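Below is one structure; the comments refer to it alone.
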Amino acid sequence: MTSLLIPDFDLGPHNTLAVPARSRFGAVVTDKGVLEQLVAEAEERGLPLRMLGGGSNVVLSSQFEGVTALMGIKGISVLDGTAEAALVEAGAGETWHDLVAQTVRQGLGGLENLAAIPGTVGAAPVQNIGAYGVELADRFEQLEAYDHEKRMFRVFSREDCRFAYRDSVFKAHPGRFTVVSVRLRLPRPWVPVLNYAGLSTLGAEREVSAERVFETVVAVRASKLPDWRTLPNAGSFFHNPVVPVAVADALIARHPGAPRYPAAEGFAKLSAGWLIERAGLKGHRQGPVGVSEQHALVLVNPGHGTQEDVAALARHIQAKVEAEFGVRLTPEPIFM
Ligand SMILES: Cc1cc2nc3c(=O)[nH]c(=O)nc-3n(C[C@H](O)[C@H](O)[C@H](O)COP(=O)(O)OP(=O)(O)OC[C@H]3O[C@@H](n4cnc5c(N)ncnc54)[C@H](O)[C@@H]3O)c2cc1C
């Protein structure tokens, strides 16, 4: 059988933070059979295998001594749904935003709040992507993934995925599962979700459509976030910290006006972006990397700095925010 491996693979064009990175081998997974063949080939050579989608939520090391597989399984189909919901299935290598756009175009509302999130369909469940009051878990039916430990394909229900805020069973077990397809459930009738800043004005419109919400989300995001194609970044770099209510109360007593969002009983969610900005770090530069001047939660890499440069900046931000507010920030992208 011909080898699937491409030697000395350049990952620079495959990560939105534009960190210079290479892998001893690269490969493209185009179907389930190719994935199994790749697993066997990597094992035969004694090499670790890791998956990459659009590279929009990773901080890559300069050199990976193994196989980096790009997820390229394509295909979008609308399945027979029910009166209560339409079911849509997509290959893990489809671009997430294209899936959202296609469903909206076909008159299937439900994903529009998640428009313009970079990356692939297969990575969407990994961190349970979310934006504008909706997260993947809200529209999820099931997925199929290869279990590298059990050496078989498995179907995961919503419960199996253990979705939480930017978290899932896949994130908790890095490298164990490769998602190959995702099935989504789009409820009928469509009910818009507009209770989030930036979309609330749409509520006043007499007949708001999924298409209108989609266009608004795309426009609001473009006005708020730097475009990774011109200013390399990985989106929000830190999770919004969830702290005990007493900690949030004390912080807000000292800093009236600090944003606070609901969280689980006894906890409150703070705005990581606000904390970074108030620590005086918006626009801060540290060598080739820096904090966006547009949005304090976004770290940018105009000078094509390395993983170490990004990690050093992240540590500086964590230390400054902790010293100022007593709150520890945790990074969202995966260092790998
Ligand atoms: C400008 C910008 C804005 C963003 N906005 C948002 C936002 O609003 N909300 C949000 O939630 N996120 C946001 N993100 C983060 C990112 O877009 C999402 O996390 C996205 O789902 C990552 O997809 P990806 O294909 O690029 O994954 P990658 O970065 O390639 O991979 C991320 C992780 O998933 C794993 N992985 C990739 N594919 C698979 C697979 N098929 N099976 C198993 N594991 C896999 C990788 O090994 C890695 O650990 C933003 C990023 C950017 C750059």
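The values are calculated or read from the model by the stated rules, or taken from the named source; none is laboratory data. The structure displayed is predicted, hence computed values, not measured ones. All Cβ positions, even for glycine, are placed from backbone atoms using ideal geometry, and neighbour counts span all protein chains on display.
Data for the structure
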item: Residue that is of a type in the set (A, V, I, L, M), not in a loop (DSSP other than H, G, I, E, B) and not assigned by TED's automatic domain parsing to the domain that holds GLU43, where the choices are VAL67, VAL126, VAL100; result: VAL100
item: Residue in segment 131-142 that is in the same structural domain as VAL169 (by TED's automatic domain parsing), out of contact with any Phe, Trp or Tyr (no Cβ under 9 Å at 6 or more places or on another chain) and either farther than 17 Å from PRO187 by Cβ or outside any helix (DSSP H, G or I) (or both) present; result: yes
item: Given (1) at negative phi; (2) within 14 Å of the ligand (Cβ to nearest atom), number of the condition ALA258 does not satisfy; result: (2)
item: Residue that is nearest to GLN307 (Cα to Cα), among those in segment 45-64 that are not polar (S, T, N, Q) and not in a loop (DSSP other than H, G, I, E, B); result: VAL59
item: Residue tally, condition within 26 Å of LEU11 (Cβ to Cβ) and acidic (Asp, Glu), over segment 65-118; result: 3
item: Qualifying residue in segment 266-276 (condition: hydroxyl-bearing (Ser, Thr, Tyr) and either farther than 30 Å from MET51 by Cα or within 16 Å of the ligand (Cβ to nearest atom) (or both)); result: yes
item: Top-ranked residue in segment 152-178 [being assigned to a strand (DSSP E or B) and touching a strand residue (DSSP E or B) at 6+ places or on another chain (Cβ under 6 Å); ranked as surrounded by the most Cβ atoms within 10 Å (Cβ to Cβ)]; result: THR178
item: Test: residue in segment 186-205 that is near the ligand (Cβ under 10 Å from one of its atoms) and touching a residue at least 24 places away in the same chain (Cβ under 8 Å); result: no
item: Filtered residues of segment 203-222 (kept if in contact with a Leu (Cβ under 8 Å, 6 or more places away or on another chain) and loosely packed, with under 15 Cβ neighbours inside 10 Å); result: GLY203
item: Total residues in segment 303-336, condition outside any helix (DSSP H, G or I), of a type outside the set (A, V, I, L, M, F, W, C) and buried (at least 16 other Cβ atoms within 10 Å of the Cβ); result: 5
item: Filter result for the condition that a residue is more than 19 Å from the chain's Cα centre (by Cα), crowded, with 20+ Cβ neighbours inside 10 Å and more than 13 Å from the ligand (Cβ to nearest atom), over LEU108, LEU87, LEU47; result: LEU108
item: Condition broken by GLY235, with the remaining ones in (1) surrounded by 15 or more Cβ atoms within 10 Å (Cβ to Cβ); (2) on the phi < 0 side of the Ramachandran plot; (3) within 16 Å of the ligand (Cβ to nearest atom); (4) modelled with pLDDT of 95 or more satisfied; result: (2)
item: Yes/no for ALA131 being out of contact with any Gly (no Cβ under 8 Å at 6 or more places or on another chain) and either without any contact (Cβ under 8 Å) to a residue 12 or more places away in the chain or near the ligand (Cβ under 10 Å from one of its atoms) (or both); result: yes
item: One residue from ALA83, ALA18, ALA42 being among the hydrophobic types (A, V, I, L, M, F, W, C) and not in a loop (DSSP other than H, G, I, E, B); result: ALA42
item: Close pairs (7 angstrom Cβ cut-off, 6 or more residues apart or separate chains): under 27 Å from LEU11 (Cα atoms) and hydrophobic (A, V, I, L, M, F, W, C) in segment 312-336, in a strand (DSSP E or B) and more than 16 Å from the ligand (Cβ to nearest atom) anywhere; result: ALA312/GLN286; LEU313/GLN286
item: Residues that are surrounded by fewer than 18 Cβ atoms within 10 Å (Cβ to Cβ), without any contact (Cβ under 8 Å) to a residue 24 or more places away in the chain and in a strand (DSSP E or B), drawn from segment 261-301; result: TYR261, PRO262, ARG285
item: Count - residues of segment 160-212 that are touching a Phe, Trp or Tyr at 6+ places or on another chain (Cβ under 8 Å), farther than 30 Å from ARG50 by Cα and either modelled with pLDDT of 95 or more or of a type in the set (Val, Ile, Thr) (or both); result: 2
item: Lone unmet requirement of (1) over 20 Å from SER56 (Cα atoms); (2) crowded, with 19+ Cβ neighbours inside 10 Å for PRO125; result: (1)
item: Verdict on GLY119 being modelled with pLDDT of 95 or more, closer than 26 Å to PRO226 by Cα and buried (at least 18 other Cβ atoms within 10 Å of the Cβ); result: yes
